[in-house]
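Inspection log for the structure reproduced underneath, given as structure tokens.
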Amino acid sequence: MTTAPIEQRRILATVIPGPRSVLLHKRKMSAVSAGIGTGLPIYVERAGGGILVDVDGNHLIDFGSGIAVTTVGNSAPRVVAAVQSQVEDFTHTCFMVTPYEEYVEVAERLNSLTPGDGEKRSALFNSGAEAVENAIKVARTFTGRTAVVAFDHAYHGRTNLTMALTAKNMPYKRGFGPFAGEIYRVPMAYPYRWPTGPDRCADEAFDEFVSLVHAQVGEQNTAAVIIEPIQGEGGFIVPPAGYLKRIADWCTQNGILFIADEIQTGFCRTGDWFACEHEDVVPDLITTAKGIAGGLPLAAVTGRADVMDSVHSGGLGGTYGGNPVACAAAVGAIETMQAEDLCGRAREIEALFMPRLRELSEKFEVIGDIRGRGAMLAIELVSGGRDKTPNATLTSAVNAYCHSHGLVTLTAGTFGNVMRFLPPLSAGDDLLREGLDILEQAFAAKA
Ligand code: PLZ
């Protein structure tokens, strides 16, 4: 089967959304639960490189990668070939019934790619939330303790236990309780909003963390501390240098497992295979998903062999976990990242974006902060100048302008005032520049 390559340029064939998308959206509204929202109701027909093609023939520039998933691009050739060949061989046996090599292969690759030289083991699941749940199950089994510490602005998923770990009420939690117990929240080292200023953020946040866990949770009750090395949905919050390492070391001293949730940051997104590497942190457990399999649903927990092997046989699993097609896709995605040096590409994208974002923030004082790493970058919108009041209204307006001009952008942040940029690492420079031009026009029109 041959399909023509997708032209890598923005084409606005109709208004956005066009008539066919509007019709499909009507069907969606009467067929799909209202609980499932849509950011931009253009209905996608094809995608690849850095372009999404909709049913009306519009070519939109992708600055979202389906929330940091299509890191290797949509329809990356190695992923497509691996999936096609695996589908023809077999689609499913259930690894817990009759296993297959593809699962073992992905586990081996995860064990060698993740930080740390020690012996490791992996277990595969379907979604990020499921990986996080399982990391907690493993941590509780290994330590014999129950409490789990999570951070302000954290996002770990939408299942019951992960809703408890997720910080933000709307839209993730409202009305969905009661939530799982034994979850405790501590402040996040958020330099831009730290009350005494960014310079004191690392020390004060660490001291608060230690004192809260000591006084309100008890070290000896604590199984794990879970953190996103760069917080994703919470607004691309990058903790100050050294902060993660201090938390991880303190965990080790207290027999507490340090879990890095690298579901959004992992697999070249931040310019390293994993964001922890940048901080020289070796987590006890690491959760991955999203970028791992080029768009197919796959997630994993990887960690110290003694920890991962502490669970009784049969204690972990699930019907579809490590589905062979998803595993084949993961091998194709990982090989693409290696062959095309996508970590290097993420750093190039940072170098292309950062000067433009800085220029933008000099022009528009509503841009209060620029942050992120690699191809995981964001701007935080505020009232202006020294007034850091979150500006969610302007964020929505800028986002909507980008959408209607053929640029798929995403927002984030506890206060809904962050625009985040997560382009596929397969997008070319010209396309990225054009996307940044549209962003600039959006500020000129709305700020
Ligand atoms: N941990 C760090 O970023 C998923 C959420 C989209 P699942 N983030 C996108 C939405 O609104 O549902 C995420 C994450 C981090 C865990 C998860 C959960 O991963 O695959 O969505 O379950």
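Things worth noting here:
- For segment 26-49, taking the residues that are in contact (Cβ under 8 Å) with a residue 40 or more places away in the chain and in a strand (DSSP E or B), the one that is most open to solvent (accessible area, probe 1.4 Å) is identified as Arg46.
- Qualifying residue in segment 75-98 (condition: more than 19 Å from Thr288 (Cα to Cα) and at pLDDT below 95): yes
- The combined condition, being open to solvent by 20 Å² or more (accessible area, probe 1.4 Å) and under 26 Å from Leu342 (Cβ atoms), is fulfilled by Leu52.
- Selection status of Gly177, under 19 Å from Lys290 (Cβ atoms) and open to solvent by less than 50 Å² (accessible area, probe 1.4 Å): no
- Residue selected from segment 181-216 under the condition open to solvent by 30 Å² or more (accessible area, probe 1.4 Å) and within 16 Å of the ligand (Cβ to nearest atom), by the criterion farthest from Gly232 (Cα to Cα): Ile183
- Answer from Arg433, Arg386, Arg356, Arg371 - the residue that is touching a helix residue (DSSP H, G or I) at 6+ places or on another chain (Cβ under 6 Å) and open to solvent by 10 Å² or more (accessible area, probe 1.4 Å): Arg356
- Scan of segment 4-25 for residues that are open to solvent by 100 Å² or more (accessible area, probe 1.4 Å) and either under 23 Å from Ser396 (Cα atoms) or not charged (D, E, K, R) (or both), ordered by number: Pro5, Val15, Leu23
- Enumeration of residues in segment 134-169 that are among the aliphatic types (A, V, I, L, M), touching a Gly at 6+ places or on another chain (Cβ under 9 Å) and within 14 Å of the ligand (Cβ to nearest atom): Ala135, Ala154, Met163, Ala164, Leu165, Ala167
- Of the residues making up segment 359-368, those that are assigned to a helix (DSSP H, G or I) and open to solvent by less than 50 Å² (accessible area, probe 1.4 Å) number 2.
- Test: residue in segment 370-393 that is under 19 Å from the mean Cα position of the chain (by Cα), among the polar types (S, T, N, Q) and under 20 Å from Glu233 (Cβ atoms): no
- One residue stands out in segment 112-133 among those that are of a type in the set (S, T, N, Q) and open to solvent by 20 Å² or more (accessible area, probe 1.4 Å): the one that is nearest to the ligand (Cβ to nearest atom), namely Ser127.
- Identity of the residue in segment 61-103, in contact with a Gly (Cβ under 7 Å, 6 or more places away or on another chain) and among the aromatic types (Phe, Trp, Tyr), that ends up surrounded by the fewest Cβ atoms within 10 Å (Cβ to Cβ): Tyr103
The values are calculated or read from the model by the stated rules, or taken from the named source; none is laboratory data. On a predicted model such as this, the values are computed, not experimentally measured, just so you know. Counting neighbours? That spans all protein chains shown, and the Cβs are built from the backbone with ideal geometry, glycine included. Areas reflect the complete protein model, heavy atoms only, side chains present, ligands, DNA and RNA absent. Shrake-Rupley method; radii C 1.70, N 1.55, O 1.52, S 1.80 Å.
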